[in-house]
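Worksheet: one structure, shown below.
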Amino acid sequence: MKGSIRIDQERCKGCALCIEFCPKKAISLSGTLNLKGYFIASFKDGGECTGCATCAVMCPEVAIEVFKN
Amino acid sequence: MKRLMSGNAALGEAAVLAGCTCYFGYPITPQNELTEYMAKRVPEAGGVFIQSESEIAAINMVLGASVAGARAMTSSSSPGMSLKQEGISYLAADELPAVVVDMVRGGPGMGNISPAQSDYFQATRGGGHGDYKTIVLAPGSVQELTEIVPLAFDLADKYRNPVIILGDGMLGQMMEPVSFDNIKPPKEYPKDYILTGAKGRPSRMVRSLLFDTKEEEEHNWKLFRKYQRMEQNEVRYDTFLLDDAEMVVIAYGIGARIAKGAIKRLRQENLKVGMIRPITLWPFPAKIIKEAAQNGAEFFVFEMSAGQMVEDVKLALEGKGHIHFYGRPGGVIPTPIELFRVISRHYYQSRRGKK
């Protein structure tokens, strides 16, 4: 894969903007709650990441880090 | 200058700029960022911040600060607001100004932390015990939130009555560019009732215990006349494409924001749909709704609850005018596309009925 992302679970508020804007639809809301009680976004198993960083740009909480391989 | 801020933080900044010197709060999602912001900002501005041991303590600290003449505020979300109702009733009975913020979440009970509009009745009907009302303001964007906060403090001081700001989880959490340039320093209000020590003047008393029934009745009528003045002078609303509308959407707060997106789509399809957005939920903008009914419009009430404001619309219409309703309770956030489909279905059905 060209890229990968890391989501800071405690910053995420489950707003789903990254999910909406990921061109590869590789992010989904997980069933896991964080400490505040939000269902957090997570990278899908088998999803494809191009490292485009759209998710990181969209995230209002600056919770997503993107790595290019 | 514009800054990117969450609704909760922007609310806190606006409150400090509007002269709030006392903030007391107890954490609850989705309004935690407000308490967090105030913990830093209020002491900086020379005020008092206390994280209380409970919501009940917070509202009673507000009562104490208010009786001493300060601009005081507390905030919570739905379950915490239920706990605060006793204190709000006392504030209303004692005729003390205060601002209480409710960032509504899904309920009843513990519910969840998603945005909802299910506290409409609690906010607009007084909420606690006794014959009283609170002014209820419902902003629809983060910028409007910052404008409504100084207004809330002014109305509270003007009428000596608690004012509720009814937001929701989404408004508190969403981040938008906001400007604080229009917030002016607070006006001076005559404070001839506050308890500051009776040296050199007769002592004052602030109390709500009125054992004499005649005295209590007179106090109730006095409050009633005050509420009548609010109903005459403080109704606020916003309209959107209302002039030629055959169907008028009535929605408030973040619900109105979603509805606006739906209405833009409906207009692209040449469906004549407009909107009335109450900004004050109490006093309710009944007059403009009645006027729209006289022009032959039908009404579509949308709420993120199972149907609460729809009753006020019915009361406003006094039996004149047809009402459609769509609600999503439990913290579900409907999309503009969903609302577009529902409104167009009702629109075509009622048009077919007329032929």
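Using the Cα atoms of chain B to build a convex hull, what is its mean projected area in square nanometres?
19.2
Could you list which residues have their amide H under 5 Å from that of B:Glu246, counting only those 5 or more apart in sequence or on another chain, with H placed in the peptide plane?
Excluding prolines and chain starts, which carry no amide H, the hits are B:Lys272, B:Val273, B:Gly274.
In peptide B:108-121, how many Cβ atoms from other protein chains are near each Cβ within 10 Å, on average?
1
So for the pair B:Arg351, B:Phe224, with labels modelled 7 Å out along Cα→Cβ, what separation do we get in nm?
Spacing of the two 7 Å Cα→Cβ label points: 4.8 nm.
Could you calculate the FRET efficiency of B:Lys191 with B:Gln268 from 1/(1 + (r/R0)^6), where r is the beta carbon distance between them and R0 is 51 Å, rounded to 0.05? Intermediate values should be presented prior to the final figure.
Numbers: r = 53 Å, r/R0 = 1.05.
FRET efficiency, B:Lys191 to B:Gln268: 0.45.
Across peptide A:12-19, what mean number of C-beta atoms from other chains lies inside 10 Å of a residue's C-beta?
2
Grab the DSSP H runs of chain B that are 4 residues or longer, score each as -39,500 (n - 2.57), total them, divide by all residues and round the 222 nm result to the nearest 500 deg cm²/dmol.
Taken over chain B, the calculation gives -14000 deg cm²/dmol.
Output ³J(HN,Hα) for region B:44-55: one whole-Hz value per residue in order, computed from phi by the Karplus curve 6.51 cos²θ - 1.76 cosθ + 1.60 with θ = phi - 60°, and x for Gly and Pro.
4, 7, x, x, 10, 10, 9, 8, 7, 7, 6, 5
Take each of the peptides B:220-229, B:299-308, average the number of other beta-carbon atoms within 10 Å over its residues, and list them starting from the highest.
B:299-308, B:220-229
How large is Rg over Rh for the protein assembly as shown, taking Rg from the Cα atoms and Rh as the Kirkwood inverse mean of 1/r across Cα pairs? The partial results should precede the final answer.
Details: Rg = 23.1 Å, Rh = 23.0 Å.
Rounded to two decimals, Rg/Rh equals 1.01.
Where the Cα atoms of chain A are projected onto their three principal axes, how long is each span, largest first, in whole Å?
32, 22, 19
Within 12 Å, Cβ to Cβ, of B:Ile56, how many net charges do the neighbouring residues add up to if Lys/Arg are +1 and Asp/Glu are -1?
-2
Can you give me the three principal axis dimensions of region B:56-146 from its C-alpha atoms, in Å, biggest first?
36, 31, 23
³J(HN,Hα) across region B:277-283 via Karplus (A = 6.51, B = -1.76, C = 1.60, θ = phi - 60°), whole Hz, x for Gly/Pro?
The phi angles translate into 10, x, 9, 8, 7, 9, x Hz.
Build a GNM of chain B with springs between Cα atoms under 10 Å: which of B:Ser208, B:Ser75, B:Ser118 gets the top mean-square fluctuation?
Taking springs between Cα atoms under 10 Å, the residue moving most is B:Ser208.
List the residues whose amide H sits under 5 Å from the amide H of A:Ile27, counting only those 5 or more places along or on another chain, with H placed 1.01 Å from N in the peptide plane.
Close amide H contacts, sequence-distant or interchain: A:Lys44.
Report the local net charge at A:Lys24: Lys and Arg +1, Asp and Glu -1, summed over other residues whose C-beta lies under 12 Å from its C-beta.
Values: positive: A:Lys2, A:Lys25, A:Lys44; negative: A:Glu48.
Its environment carries a net charge of +2.
Mean 1/r over all different Cα pairs, inverted: what Kirkwood radius does region B:232-355 give, in Å?
For region B:232-355, inverting the mean 1/r across all distinct Cα pairs yields 14.3 Å.
With +1 on the Cβ of every Lys and Arg and -1 on the Cβ of every Asp and Glu, and nothing else charged, how large is the dipole of region B:237-354 about its Cα centre, in debye rounded to the nearest 20?
340
If amide hydrogens are placed 1.01 Å from N in the peptide plane, which non-local residues have theirs closer than 5 Å to the one on B:Trp282?
B:Val136
Quick one: which of B:Lys260/B:Lys290; B:Lys84/B:Lys320; B:Lys133/B:Lys264; B:Lys2/B:Lys184; A:Lys36/B:Lys133 span more than 27 angstrom between C-alpha atoms?
B:Lys84/B:Lys320; B:Lys133/B:Lys264; A:Lys36/B:Lys133, as the Cα separations exceed 27 Å there.
Output wanted: per-residue J couplings in Hz (rounded whole) for region B:135-146, from phi through Karplus 6.51 cos²θ - 1.76 cosθ + 1.60, θ = phi - 60°, x for Gly and Pro.
Going residue by residue, I get 5, 10, 10, 10, x, x, 8, 5, 4, 5, 4, 5 Hz, with x marking Gly and Pro.
Using only atoms on other chains, find how many Cβ atoms lie within 10 Å of each Cβ of peptide B:258-269 and report the average. List each step's numbers first, then the result.
On the way: counts 0, 0, 0, 0, 0, 0, 0, 0, 0, 0, 0, 0.
Across the residues of B:258-269, the mean count of other-chain Cβ atoms within 10 Å is 0.
Every number in this text was worked out from the coordinates using simple rules, so none of it is lab data. Note that the coordinates shown come from a computational prediction; the quantities given were computed from them, not determined experimentally. For neighbour counting, all protein chains shown are included, and Cβ atoms are generated from backbone atoms with ideal geometry for every residue, glycine included.
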